[in-house]
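One structure is given here, and the rest of the page talks about it.
What follows is calculated from the coordinates using simple rules that are stated; it is not laboratory data. All figures in this text were calculated on a predicted structure; none of them were measured in a lab. Neighbour counts run over all protein chains shown; Cβ positions are idealised from the backbone, glycine included.
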Amino acid sequence: MTRVETTINGERELVDVAANLTLLEVLRENLLLSGTKEACGVGECGACVILLDGVPVTSCLVMAADADGRSIETVEGLAKSGELNEVQQAFIDKGAFQCGFCTPGMVLTATALLRDGSAPDIEEIKKALAGILCRCGAYPKILEAVVEVTGGSQ
Ligand code: FES
Ligand code: FES
C-alpha cells in the first residue's frame with residue numbers, strides 16, 4: 001500500500017492505495033465519487049476525464065499513486081453551495097445530453113477551457129472536447145452549450 005495525499009474538490013484527502021490501482025478506481029471505489037465514469041478503461045473514450053492540477057486527464061490511465069501531492073477536481077466539486085457552475089447550467093439550458101455518460105468529462109473539460117475568462121472560438125472548443133466520445137451524438141447541443149458560456153455564437 002502507498003499513502004497518497006491529495007486535494008480532491010478542495011478537501012485534503014489521505015488514501016492508502018495499492019500500487020496497481022488507477023486513479024479512476026480509487027475515485028469510484030474508495031472515495032465513492034461515481035460521477036467519474038468508466039467505459040473503455042484504456043484511454044480512448046474520455047468518460048473518465050477529471051482535472052489534475054487543472055488539466056483534463058483520462059483517470060483510467062493515471063496510477064493513483066501518481067496523484068500524490070496533486071489537486072484533483074471531479075464533477076462532484078463543480079457546484080458551489082448547491083449552485084451549478086455556468087457550464088453545468090448551460091448544459092441543462094441547452095439539453096446538451098441524453099444518457100449523460102459523457103457529461104462529466106465534457107463539463108469538466110469545458111470548465112477548464114473557459115477558466116480565467118478565456119474565450120475560445122468554436123474550433124478551439126471542438127479541439128478541446130475532441131477526446132471525449134458521446135455515444136448519443138449530442139455534440140451539436142454540447143457545442144451550443146459551451147459556446148453560450150463564451151457569450152459567442154456558432
Ligand atoms: S474509461 Fe478512461 S478513457 Fe475510457
Ligand atoms: S449523452 Fe450519452 S454519451 Fe453523451
Taking springs between alpha-carbon atoms closer than 10 angstrom, which of L23, L51, L33 fluctuates most in the Gaussian network model of the chain?
L33
Percentage relative contact order, segment 86-150, counting C-alpha pairs under 8 Å, at least six apart:
54
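Any idea what the alpha-carbon Rg over 2.2 N^0.38 Å comes to for the chain?
That ratio works out to 1.03.
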Residue farthest toward the positive end of the dipole of the chain, with Cβ of Lys/Arg at +1 and Asp/Glu at -1: which of G95, A18, V57?
G95
Nearby lysines by direct alpha-carbon distance to K126 (threshold 23 angstrom, same-chain neighbours under 8 apart not counted):
K37, K94, K141
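Run the helix sum for the chain: -39,500 (n - 2.57) per DSSP H stretch of 4+ residues, divided by residue count, reported at 222 nm to the nearest 500 deg cm²/dmol. Please list the in-between numbers first.
Working: 4 runs with 41 residues, N = 154.
Roughly -8000 deg cm²/dmol at 222 nm, from the helical runs in the chain.
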Calculate, for Q98 and A130, the FRET efficiency according to 1/(1 + (r/R0)^6) with r their C-beta to C-beta distance and R0 25 Å; round to the nearest 0.05.
0.85
